[in-house]
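Working notes for the structure below.
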Amino acid sequence: MTVATGYPGTPSTEILEAASAYGKDMYCEWSPNEKVALEVAAGASLAGARAIVTMKHVGLNVAADPLMTLAYIGTVGGLVVCVADDPGMHSSQNEQDSRHYARFAKIPILEPSDSQEAKDFVILGLEISEAYSTPVLLRSTTRVSHSSGIVVLGERRLPSRPVGFEKKPERFVPIPLWGRKMRVALEKRMDELSSAVNGSKANRIEWGDRSLGVVTAGIAYQYVREVLPEASVLKLGWSYPFADGLVREFAAGVKELIVVEELDPILEEHIRALGISCEGRRFVPGIGELSPSRLASALAGRGGSAPSIREEEPAETRDLPNRPPVLCPGCPHRGIYHALGKFDVVVTGDIGCYSLGVFPPLSRLDTILCMGAGISMAHGMQKAGEPRKVVGIVGDSTFFHSGITGLLDIAYNKGASVIIVADNRTTAMTGHQNHPGTGKTILGQDTIQAKIEDFGKACGIKNIAVVNPYEPKETVETLRTALESEEPWLIISRGVCPLNLRSRLGAVRVLKRDLCTECKTCLKIGCPALEMIDGKITVNAMFCSGCALCEKVCPKGAFTTVAGECHES
Ligand SMILES: Cc1ncc(C[n+]2csc(CCOP(=O)(O)OP(=O)(O)O)c2C)c(N)n1
């Protein structure tokens, strides 16, 4: 049996979704968060099974606690942690470089440069993991994760090791007595891995023009090959522990050495520490995603002589209009933000589709930190003496990920904030994955439906209300009661994500031109189906999901569904 676990997060989500196609002979699960996902995989590994676990870069922060000590304990069945970084922050709240975790935890890291390597390195990672009894990081980045290429599949080899946990406390229990021994063994293992990395098939020197040598890894390799087709290249697929022998051999064979890596100058600093002179960060940007054109400009600006640089700015990325993200038509989050807009409160938000409540015209979200922080930060602000009432808002998947402990803190430490769970019955932002509240597993099997209300009650919250966010009056009144209370409240704003429902919520709305006074109250809900055309409010029937929120907020009763009315789209 092999185990695959994870928690969704762009650009890692598709890995587990694709793995679940093999769900018949491989156990797959969306775990409630990344820490749990890694712990489940660790349990599987110690029982002798092979395991992979997937997450985005910030997810690795959540899983960092088990990762650090799993490096001490080591693995039995191969264990590969697939982590996907997001240089350029296409869909993330920060741009951290996960390669630091390999060094931090003292474990190997593999960096595929294309789809074929992404597959091959899983196998290599499992082999390294089993040979050296270590978890292995497999780091992808957005450009590798979100590209496709021809992949040659090998023959499927099932693990021969029987599953069965072998009791060995001195091996698996890092109490100080045994943990100190593991600490020493960890360094010994690093020495062995350092020797192995130089001869690994994942690392190779491509000799070309020896006037310039480039050390590179991951997707940056592709940019180097495109921009400097003639240069000599040391391509590192297994980039930590550092391949010192290979680096020395390569450096000795070229006149000038540069390092091209995305984000932090990790390789560059290490190569310098070896006493080898090289350059990189002086001209290769360390912020944002690299691209062939960015690299070409960087190289052009570095001075010195490079073998011919090819520079082409792809036309399709030039002159694109900015399109700020908006809540979809019919999104239930719109209703709760509309209601929140009636009150002078501070709103500590969180990460999910409901983060979009920060944009005008809703403008009803004031902070974002990390998953779960929407709840705990509300408590902190309130305890610090913030004079306004503080409202924390999180999504349902976020609540199960890391919101429950924050809620427990509020109840335990006598908080007074109002917590809203925007429950759209799915993990919408990352593409509608199931979670413990949806009643389905990753394979679509029926399972328990964890109830947010029950968690609130179990945490000790006495005031719990469920509102329908498409009913503005009811929602505003419940919020008012909660905000006037001196006790903590949990409000569950429940409305199914219409995109996940894959159908309209009701009949398309039309505008009675004679009743509309163009007061623009309806525009304040920020629905993309409401447009201003030639100074007149118009319903775009293609977009309208029939949620009727516009009809309910219109003071003139100008929206209707009467057949025959023109919807002017
Ligand atoms: C630690 C961490 N893991 C994963 C993610 C990726 N991610 C962003 S929002 C989100 C969950 C969104 O689901 P939910 O809270 O239900 O809100 P919705 O998008 O459905 O409104 C996830 C998994 C992240 N940002 N941080």
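Computed from Cα positions, the angle between helix 472-484 and the longest principal axis of the chain comes to roughly 80 degrees. Considering only beta bridges that DSSP places wholly inside the chain, some 20 percent are antiparallel. Ignoring aspartates and glutamates fewer than eight residues from Lys552 along the same chain, the ones with Cα atoms less than 14 angstrom from its Cα are Glu471, Glu474. A simple count of charges around Gln382, restricted to other residues whose Cβ falls under 13 Å of its Cβ and scoring Lys, Arg +1 and Asp, Glu -1, yields 0. Per-residue extension of 0.36 nm, minus the Cα-Cα distance of Arg180 and Met532, leaves a gain of 119.9 nm for this segment.
Rounded, prolate or oblate, given the Cα gyration tensor of the stretch 6-115, with a/c below 1.5 counting as rounded? Since a/c reaches 1.5 but b/c is at least a/b, the shape of the stretch 6-115 is classed as oblate. In terms of the mean number of neighbouring beta-carbon atoms within 10 Å, the peptides 233-242, 441-450 order highest first as 233-242, 441-450. In this label model, Phe543 and Ser503 are separated by 2.4 nm, measuring between points 7 Å along each Cα→Cβ vector. If R0 is 25 Å, the Cβ-Cβ spacing of Asp446 and Arg156 corresponds to a FRET efficiency of close to 0.25. Using the Cβ of Pro11 as centre and a radius below 9 Å, the other residues enclosed give a net charge of -1, where K and R count +1 and D and E count -1.
Seen from Glu474, the other residues with C-beta closer than 14 Å to its C-beta sum to a net charge of +3, counting Lys and Arg as +1 and Asp and Glu as -1. Annotation: peptides 70-76, 475-481, 181-187, ranked by per-residue average of other Cβ atoms within 10 Å with the highest first, follow the order 70-76, 475-481, 181-187.
The packing ranking of peptides 506-514, 137-145, highest mean first, is 137-145, 506-514, where packing means the average number of other beta carbon atoms within 10 angstrom of each residue.
For His146 and Arg282, the FRET efficiency from 1/(1 + (r/R0)^6), where r spans their Cβ atoms and R0 equals 30 Å, is about 0.50. Looking at the square roots a ≥ b ≥ c of the eigenvalues of the Cα gyration tensor of the stretch 457-568, which shape do they give, rounded for a/c under 1.5, prolate if a/b is larger than b/c, or oblate? Taking the square roots of the gyration eigenvalues as a ≥ b ≥ c, the stretch 457-568 is prolate.
Need one word for the stretch 144-256: rounded, prolate or oblate. Basis is the Cα gyration tensor (sqrt eigenvalues a ≥ b ≥ c); a/c below 1.5 gives rounded, then a/b vs b/c decides. Judged from the Cα gyration tensor, the stretch 144-256 comes out oblate (a/c at least 1.5, b/c at or above a/b). Determine the distance separating the Cα centre of the stretch 93-135 from the Cα centre of the stretch 342-410; give it in Å without decimals. Distance between centres, Cα-based: 34 Å.
Helix 64-73 and the longest principal axis of the Cα set of the chain meet at an angle near 30°. Extension gain, Thr517 to Val358, is 54.4 nm, computed as 0.36 nm per intervening residue step minus the present C-alpha separation. If R0 is 22 Å, the Cβ-Cβ spacing of Lys556 and Glu477 corresponds to a FRET efficiency of close to 0.50.
Only the coordinates and a few stated rules stand behind these numbers; no lab work does. Quantities reported herein were computed from a predicted structural model and do not represent experimental measurements. For neighbour counting, all protein chains shown are included, and Cβ atoms are generated from backbone atoms with ideal geometry for every residue, glycine included.
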